Every structure is written in C-alpha cells, then in structure tokens.
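Everything on this sheet refers to the single structure shown next.
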Amino acid sequence: MSKTSALLSCGIAAFMVAFMGSAANVALPSIGEDLKANTVTLGWIATVYLLSAGMFSVPAGKIADLYGRRRILLMGIAIYGLGSFLSGLSPNAVSLLIFRFLQGIGAAMVFATVVAILTSTFPSEERGKAIGINTGCVYGGLSAGPFIGGMLTENLGWRSVFLINVPFCLLAFFAGLRLKGEWAEAAGERFDALGAVLYVFALLFLIYGLTEGLLPALISGGILSLILVLYEARQRYPVLDVSLFRTNPTFSLSSIAALLNYASTFAVSFLLSLYLQHIKALSPQQTGLVLIAQPVTMTILAPVAGWFSDRIEPRVVASAGMATTAVSLVLLSGIGETTGIPSIVLYLVLLGSGLALFSSPNTSAIMGSVESKFYGLASAIVSTVRLMGQMISLAVATLAISLVMGSVPLEPSAYPLFVRSSKISFWIFVILCTIGFFASLSSGKVLRRGPGGKL
C-alpha cells in the first residue's frame, strides 16, 4: 500500500506542479487584460514562480532530510494549494505576484521530496521504473497544460486555471496521508541557517541575472556562490554538502549532464513557437498541436526508460538519450523557411525520445549514488539543475536573437535573420549536449542501494 500511495501522491503532485508551469503561460494575455498588467509585469508573473521554486528547493530538501520527507511533502502540497487558491482570487497584479511566489515555495517543497520519497520507498531494482512513472506524470502535466489551460481560460476565465489545482492538491494530500514513515535519516543534525540564506540569495541573483540578462546580477550571484562553497566546506552539517560533488563522481557528473541536457533543449519550444507562428503562419492552437509531439513522446517513453535503467546501467541508457537528443538538435539546426511541418514533428518526436531516455535513468543514477540521509538534498539538486539549465537555454536563444536580429521586428523581411539566429542557437545546443553526453558516459557505475540507502 505504501508503494501505491507513494506513486499516487508523488505522481499527482508532480503532475500538478508541471501542469501549472505550462498552463499559466497560456492565461497571461487574459490576466493582463483583466488586471491591467503590462508586459513586464506579466513576464514576472510567469518568472516569480520559477524564481521562488529554485531559491528554496535545496533548503527545503535539507529540512526534509532533517524533519521528515512525508511531512515536508504534505506541507508543500498544502502551501501550493493555498497559493493556487489565492492566485485564483487575486484582485490585482501585485497580489497575484505574491501568491505566485507562495506557489513557488510550495513547489520547491514538492520538488525536494517526491523523488526522495520514491527512492526511499522502492528497492533499487524497482527504483528506475518508479522514477520513470513520476517523470511521465511531469511530462503529462506539461503536455496537458497548454491545452487544458487554454480551454479553461477561454470558457471559464483565467482564474479557473489556478483554481483547478485545488482538487489535485486535495487528492495528492490525502494520498500522502497514507504513506507509512517520515524518512528523516538526517534527524538530529543542526540546520545550517546561514548557509541556507547564502544559497537563497546566490540563486536569486543568478536566476534574476539569467532571466533579465543583467551582468552585475550574474557577477553578484557568482561571488555569493563562491562564498557559499567556501563556507559550506567548513560546516559539519551544511545545507548544501559540497563534498558530494567532490567525492562522488556519479553524483557530480550526472548532475552536470542534467544541467547541460536542460540547457541544450529547453529553449527549443520557444524558438519553434516563434518559427511556426510567424514563418509558417500557424495559429497558436495549431502551433501547440505541433509542439505537443515532444512532451507526449516523453510521457509515453519515460516509464519505459526507467524500466530499462533497472536492468541496464543507468548511465548507458541516459547517455543513449543524450546521443539521440544531439542528433535531433543537429536535424533542427537544418530547419529553414521551406521545411515541412511533418519533418518538424519527426524531429520533435526524436527529441522527446532522447529526453525520455535521459531523464529517468539520470535521476535514478543521482539518487542511487547517495546515502539515504541525502535523498532530500539530492532530489532538490535535481530540480535546481533543471531550473538553471532551463534559464541558461533561454539566455542562449535570447542572446543569439539579439546579436543577429538586434531590434528588428520579426516580420517577413527579417525571417532569414531569425532562421540564422535559430541555427546558431541549435549548434550551441549541440555542443552543450555533446559535452553532456561525455559527462553522462563518464559518471561511473551506480552502486545498488536498498530503500534505506544501504549498499
């Protein structure tokens, strides 16, 4: 029953967090019209959620290891549900920003615990399959978000996009109540409050700098990150145990591979969305139907990839996924103004296959490489490197467009410039993905641990 409850609670929680991440973006135009919010404010309504989720993931993971992952998961679901409910009732843009920030805190607690709980619950020979199912739920949420979010916004208004999360939260919460155990293997250790503060502000400046393209913020984030590493290396109970990166090659190289994987793929949908709506003159709905090929493929194949990683070394499956992703990016770099829609769908299916083969086995390798007292921290690091990779990916694409196109509007006369900037982005992504392939392949064999983290 505990395994079923873990899959159900963690799966629903993962689905709803991913769903909100993609569904809310569809509702932004309606939010702007209703709340009289300008474009900059709308951008922050989307970004502040990711910002708070990234800032608080690692501290939440450490707290979960100290005080119990089940407890933190339930608190995260409750905070996320409250943030969703209040967002749906927001009277103005400022209150919506505050409640979206609250949502992000809840999401951080969910990110920090779902994979950790599955790793704690399932033995090593079943872990990949469980993580694969959970990953499938994430991609299912990403797939359903634009379609259901658009339908809700059109028929019931933008507030329904947030309020629909409340019943999901109730389902996940009551399923979580049936979990047996708290899994607090680091109980008794002291919480490193100063390290947590340093981490939060380092991530704040880094994410803000990447999002806004501000070099001073990036430099400040880099300096704070260096101070954090030096400080944490001297602590007995650090919030971010940097020794994991120094002494555990499987953990460090798999984390680097994950960072590069997301850095090389996240902006693909951003670039193709502009390409399809402008150069191919597709409607937003038609564009969504084309782009959905990638997450649907990932939803179907992620559990299969997880099953494979239980039988074959996870690094082998993950590296095969990185290689497949690199091939798809090379194909995408060849897209021009006359490329057919079926070809683009085929490339997206190939990209989705590569991402599915990589994600579950890579996460399984990271979680299987650490002791059980680090499961919450490791789960949080997985979500943090994903977020940082996504920010890097968007920064690369935005910079390429800025350098090639400048301030030229995306009109027919500028289409060749946009295609050229996209090619540059895709080739940078190919390079990042290739480096990630070698990092994944070099990560070493994962030692099989039981549900308690024992070898």
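The values are calculated or read from the model by the stated rules, or taken from the named source; none is laboratory data. Bear in mind that the values here come from a model prediction, so they are computed numbers and not experimental data. As a convention, Cβ positions derive from the backbone with ideal geometry for all residues, glycine included, and neighbour counts pool all protein chains shown.
Tally time: how many residues in the stretch 26-70 are basic (Lys, Arg) and either closer than 18 Å to residue 99 by Cβ or in the same structural domain as residue 392 (by TED's automatic domain parsing) (or both)? Break it down into steps so the answer makes sense when it comes.
Initial filter on the stretch 26-70 (basic (Lys, Arg)): 36, 62, 69-70.
If we keep only those that are either closer than 18 Å to residue 99 by Cβ or in the same structural domain as residue 392 (by TED's automatic domain parsing) (or both) as well, we get 36.
Within the stretch 26-70, residues that are basic (Lys, Arg) and either closer than 18 Å to residue 99 by Cβ or in the same structural domain as residue 392 (by TED's automatic domain parsing) (or both) number 1.
Inspect all residues belonging to the stretch 103-121 and state whether any of them is among the aromatic types (Phe, Trp, Tyr), in contact with a Lys or Arg (Cβ under 8 Å, 6 or more places away or on another chain) and buried (at least 21 other Cβ atoms within 10 Å of the Cβ). Walk me through how you get there before you give the answer.
Going residue by residue through the stretch 103-121, those that are among the aromatic types (Phe, Trp, Tyr) are 111.
Among the residues that remain, those that are also in contact with a Lys or Arg (Cβ under 8 Å, 6 or more places away or on another chain) are: none.
Scanning the stretch 103-121, I find no residue that is among the aromatic types (Phe, Trp, Tyr), in contact with a Lys or Arg (Cβ under 8 Å, 6 or more places away or on another chain) and buried (at least 21 other Cβ atoms within 10 Å of the Cβ), so the answer is no.
Of the conditions (1) crowded, with 18+ Cβ neighbours inside 10 Å; (2) over 29 Å from residue 71 (Cα atoms); (3) at pLDDT below 90, residue 212 satisfies every one except a single condition; which number is it?
Failed condition: (1).
Checking the condition over 28 Å from residue 297 (Cα atoms), exposed (fewer than 15 other Cβ atoms within 10 Å of the Cβ) and free of Cβ contacts under 8 Å to residues at least 40 places away in the same chain, which residue from 170, 198, 156, 177 passes? Outline the logic, then answer.
Values: 170 fails: free of Cβ contacts under 8 Å to residues at least 40 places away in the same chain; 198 fails: exposed (fewer than 15 other Cβ atoms within 10 Å of the Cβ); 177 fails: free of Cβ contacts under 8 Å to residues at least 40 places away in the same chain.
That would be 156, the only listed residue that is over 28 Å from residue 297 (Cα atoms), exposed (fewer than 15 other Cβ atoms within 10 Å of the Cβ) and free of Cβ contacts under 8 Å to residues at least 40 places away in the same chain.
When you scan the stretch 203-243, how many residues do you find that are in contact (Cβ under 8 Å) with a residue 12 or more places away in the chain and closer than 19 Å to residue 393 by Cα? Outline the logic, then answer.
Residues of the stretch 203-243 that are in contact (Cβ under 8 Å) with a residue 12 or more places away in the chain, as a first pass: 203-211, 213, 217-218, 220-222, 224-225, 227-229, 231-232, 235-242.
Those still in the list that are closer than 19 Å to residue 393 by Cα too: 203-211, 213, 217-218, 221-222.
Adding up the residues that qualify gives 14.
Tell me the residue from 18, 13 that is surrounded by fewer than 24 Cβ atoms within 10 Å (Cβ to Cβ), of a type outside the set (S, T, N, Q) and touching a Gly at 6+ places or on another chain (Cβ under 9 Å), please.
Details: 13 fails: surrounded by fewer than 24 Cβ atoms within 10 Å (Cβ to Cβ).
That would be 18, the only listed residue that is surrounded by fewer than 24 Cβ atoms within 10 Å (Cβ to Cβ), of a type outside the set (S, T, N, Q) and touching a Gly at 6+ places or on another chain (Cβ under 9 Å).
Can you tell me which residue in the stretch 371-391 is farthest from residue 238 (Cα to Cα), limited to those that are in contact with a Ser or Thr (Cβ under 9 Å, 6 or more places away or on another chain) and among the hydrophobic types (A, V, I, L, M, F, W, C)?
391
Find the residue count for the stretch 74-95, including only residues that are surrounded by 24 or more Cβ atoms within 10 Å (Cβ to Cβ) and touching a Phe, Trp or Tyr at 6+ places or on another chain (Cβ under 9 Å). Give the derivation first.
We begin by selecting, within the stretch 74-95, every residue surrounded by 24 or more Cβ atoms within 10 Å (Cβ to Cβ); these are 76-77, 80, 83-84, 87.
Among the residues that remain, those that are also touching a Phe, Trp or Tyr at 6+ places or on another chain (Cβ under 9 Å) are: 76-77, 83-84, 87.
Here the count works out to 5.
Check whether at least one residue in the stretch 251-263 is more than 20 Å from the chain's Cα centre (by Cα) and either aromatic (Phe, Trp, Tyr) or surrounded by 15 or more Cβ atoms within 10 Å (Cβ to Cβ) (or both), and report yes or no. Reasoning before the result, please.
From the stretch 251-263, those more than 20 Å from the chain's Cα centre (by Cα) are none; that's our starting set.
No - not one qualifying residue is present in the stretch 251-263.
When you scan the stretch 51-88, how many residues do you find that are modelled with pLDDT of 95 or more and not in a helix (DSSP H, G or I)?
Total satisfying the criteria: 0.
Among the numbered conditions (1) of a type in the set (A, V, I, L, M); (2) closer than 18 Å to residue 342 by Cβ; (3) touching a residue at least 40 places away in the same chain (Cβ under 8 Å), tell me where residue 256 comes up short.
Result: residue 256 fails condition (2) only.
Got a number for residues in the stretch 179-213 being within 16 Å of residue 238 (Cα to Cα) and touching a Ser or Thr at 6+ places or on another chain (Cβ under 8 Å)?
Going through the stretch 179-213 one residue at a time, the tally reaches 2.
Do we find that residue 393 is crowded, with 23+ Cβ neighbours inside 10 Å, in a helix (DSSP H, G or I) and at negative phi in this structure? Lay out the reasoning, then the answer.
Details: crowded, with 23+ Cβ neighbours inside 10 Å: yes; in a helix (DSSP H, G or I): yes; at negative phi: yes.
For residue 393, the condition - crowded, with 23+ Cβ neighbours inside 10 Å, in a helix (DSSP H, G or I) and at negative phi - is met.
Could you grab me the full set of residues in the stretch 232-250 that are closer than 21 Å to residue 66 by Cα, surrounded by fewer than 17 Cβ atoms within 10 Å (Cβ to Cβ) and touching a Gly at 6+ places or on another chain (Cβ under 7 Å)?
Answer for the stretch 232-250, where residues must be closer than 21 Å to residue 66 by Cα, surrounded by fewer than 17 Cβ atoms within 10 Å (Cβ to Cβ) and touching a Gly at 6+ places or on another chain (Cβ under 7 Å): just 235.
Restricting attention to the stretch 29-50, does a residue exist that is polar (S, T, N, Q) and closer than 19 Å to residue 175 by Cα?
Our first condition is that a residue be polar (S, T, N, Q); within the stretch 29-50, this holds for 30, 38-39, 41, 47.
Okay, now just the ones that are also closer than 19 Å to residue 175 by Cα, so none.
Checked against the condition, which is being polar (S, T, N, Q) and closer than 19 Å to residue 175 by Cα, the stretch 29-50 yields no hits at all.
Which of the residues that make up the stretch 325-383 are of a type in the set (S, T, N, Q), within 20 Å of residue 307 (Cα to Cα) and in a helix (DSSP H, G or I)? Let's see the steps before the verdict.
Kept after step one, since they are of a type in the set (S, T, N, Q), are these residues of the stretch 325-383: 325, 328, 333, 338-339, 343, 353, 359-360, 362-364, 369, 372, 379, 383.
Subset that is within 20 Å of residue 307 (Cα to Cα): 325, 353, 359-360, 362-364, 369, 379.
Once the filter is applied, which keeps residues that are of a type in the set (S, T, N, Q), within 20 Å of residue 307 (Cα to Cα) and in a helix (DSSP H, G or I), the stretch 325-383 yields 325, 353, 359, 360, 362, 363, 364, 379.
Matching residues to (1) at negative phi; (2) of a type in the set (Val, Ile, Thr); (3) in contact with a strand residue (DSSP E or B) (Cβ under 7 Å, 6 or more places away or on another chain); (4) at pLDDT 85 or above:
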| site | (1), (2), (3), (4) |
| --- | --- |
| 264 | yes, no, no, yes |
| 273 | yes, no, no, no |
| 290 | yes, yes, no, yes |
| 299 | yes, yes, no, yes |
| 323 | yes, no, no, yes |
| 326 | yes, no, no, yes |
| 339 | yes, yes, no, yes |
